Amino acid sequence: MSVITIVTSAPPLTQGGHLVLARSLERAPVEAGHRAGIVTTPSNRFGRQGPAYLANWLTDVGMTGTGERVDQVISLRFPSYAVRHPAHVCWLVHTMREYYDLWDRFAAGISPQGRVKESIRRTFIRAGDTYFFQHHVKKLFTISQAVSDRLARWNRVQSEVLHPPPPQRDYRCDAYGDYLFFTSRLSPLKRPELVLRALARPEARGARLVIGGDGEERPRLELLARELGLNGRVSFTGHLS
């Protein structure tokens, strides 16, 4: 029996898709007869990323609380790949995208003084990420080709795509309905308003929409649905288990 630790980071009181992946990844080795658990490390707000990386660097993932030696570490999300272990594999969900592919949009929303500060932080974060991928990780996987492409472009590191499998459920398709199903964390980055605007077009007048998930964008999306005249055609289910 091996002892496996899944390491991922999360800001306080935030549930992201990487946690769904982490929990599924935890179940798989347990079902195969191993011992596995999740360690959640800090992921601080802007301006405090340095301490978050340092906290991950200093996190002891070599032993369990009962003194068992950890045989394998799998990290998922920035800056959890800063942890140190001789058998460390990273299955990368994403780096801090505001310092990579989302930089232009992020920088446009802050003051000139803020852009100077964030540019300096971005330089150090990118250099740190590259170092960790090259020296802390024995094998580097990503969840998609897009993530691998970003690593090759900005960090000059190669990775292997390993797509997450669909959850084990009793899937079935009894019949096609007259509605679209959109499920996601409702945040600006996911651009959920696009499906609402598509539904408001004349050619979609016979379709309905079910939105599964929750997030800070939900009040704005509900208001937008009313403004677009979609009353009765859009329903928000909230969080789905």
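What is the range 1-59 by shape, rounded, prolate or oblate, if you read a ≥ b ≥ c off the alpha carbon gyration tensor as root eigenvalues and call it rounded for a/c under 1.5, prolate for a/b larger than b/c, and oblate otherwise? Because a/c hits 1.5 or more and a/b fails to exceed b/c, the range 1-59 counts as oblate.
Looking at the range 148-211, which trypsin sites (Lys or Arg not before Pro) are DSSP coil and have at most 14 other C-beta atoms within 10 Å of their C-beta?
Details: sites: Arg150, Arg153, Arg156, Arg169, Arg172, Arg185, Lys190, Arg197, Arg205, Arg208; in loops: Arg156, Arg169, Arg172, Arg185, Arg205.
Sparse-neighbourhood loop trypsin sites (Lys or Arg not before Pro): Arg156, Arg169, Arg172, Arg205.
3J(HN,Hα) along the range 107-124: 5, 5, x, 10, 6, x, 5, x, 5, 5, 4, 5, 5, 5, 4, 4, 4, 5 Hz, from the Karplus curve 6.51 cos²θ - 1.76 cosθ + 1.60 with θ = phi - 60°, whole Hz, x for Gly and Pro. Surface calculation, 1.4 Å probe, protein heavy atoms: Glu26 sits at approximately 60 Å² accessible.
From the protein chains alone at 1.4 Å, what is the descending order of accessible area for Phe236, Phe46, largest first? Working shown, then result.
Details: Phe236 40, Phe46 85 Å².
Per-residue accessible area, sorted high to low, gives Phe46, Phe236.
If you roll a 1.4 Å probe over the range 30-113 with all protein chains in place, what percent of the accessible area is carbon or sulfur? C and S fraction of accessible area: 55 percent.
Centre-to-centre separation between the Cα atoms of the range 75-107 and those of the range 209-232: 31 Å. Each of Pro112, Met96, Val73 was placed along the dipole of the chain (beta-carbon charges, centred on the mean Cα), and the one lying farthest toward the positive end is Pro112. When every Cα-Cα distance of the range 116-230 is counted in 5 angstrom steps from zero, the calculated P(r) takes the values 2, 9, 13, 13, 11, 13, 13, 11, 8, 6, 2, 0 percent. Couplings 3J(HN,Hα) for the range 226-239, derived from phi with the Karplus relation 6.51 cos²θ - 1.76 cosθ + 1.60 (θ = phi - 60°), are 5, 5, 7, x, 9, 4, x, 10, 10, 10, 10, 8, x, 5 Hz, where x marks Gly and Pro. Measure out, as a whole number of angstrom, how far apart the alpha-carbon centroids of the range 11-66 and the range 128-194 sit. Each part's Cα centre sits 17 Å from the other's. Compute the Cα gyration tensor for the range 13-118, then decide on rounded, prolate or oblate, letting a ≥ b ≥ c be the square roots of its eigenvalues: rounded whenever a/c is under 1.5, prolate when a/b is larger than b/c in the other cases, and oblate in all that remain. Prolate.
Looking at the range 1-104, the trypsin sites (Lys or Arg not before Pro) that sit in a DSSP loop and have at most 12 other Cβ atoms within 10 Å of their own Cβ are Arg45, Arg48.
For the chain, with every protein chain kept in place, what is the accessible area per residue (1.4 Å probe, Å²)? Intermediate values should be presented prior to the final figure.
Values: 14210 Å² over 241 residues.
Counting only protein heavy atoms, the per-residue value for the chain is 59 Å².
The candidates Met96, Met1, arranged from most to least accessible area with a 1.4 Å probe in the full protein assembly, appear as Met1, Met96.
The values are calculated or read from the model by the stated rules, or taken from the named source; none is laboratory data. Just so it is clear, the structure is predicted and the values come from calculations on it, not from any experiment. No Cβ is skipped: glycine too gets one built from the backbone with ideal geometry, and neighbour counts run over all protein chains shown. Note: accessible area is taken over every heavy atom of the protein model, side chains too, but ligands, DNA and RNA are not part of it. Shrake-Rupley method; radii C 1.70, N 1.55, O 1.52, S 1.80 Å.
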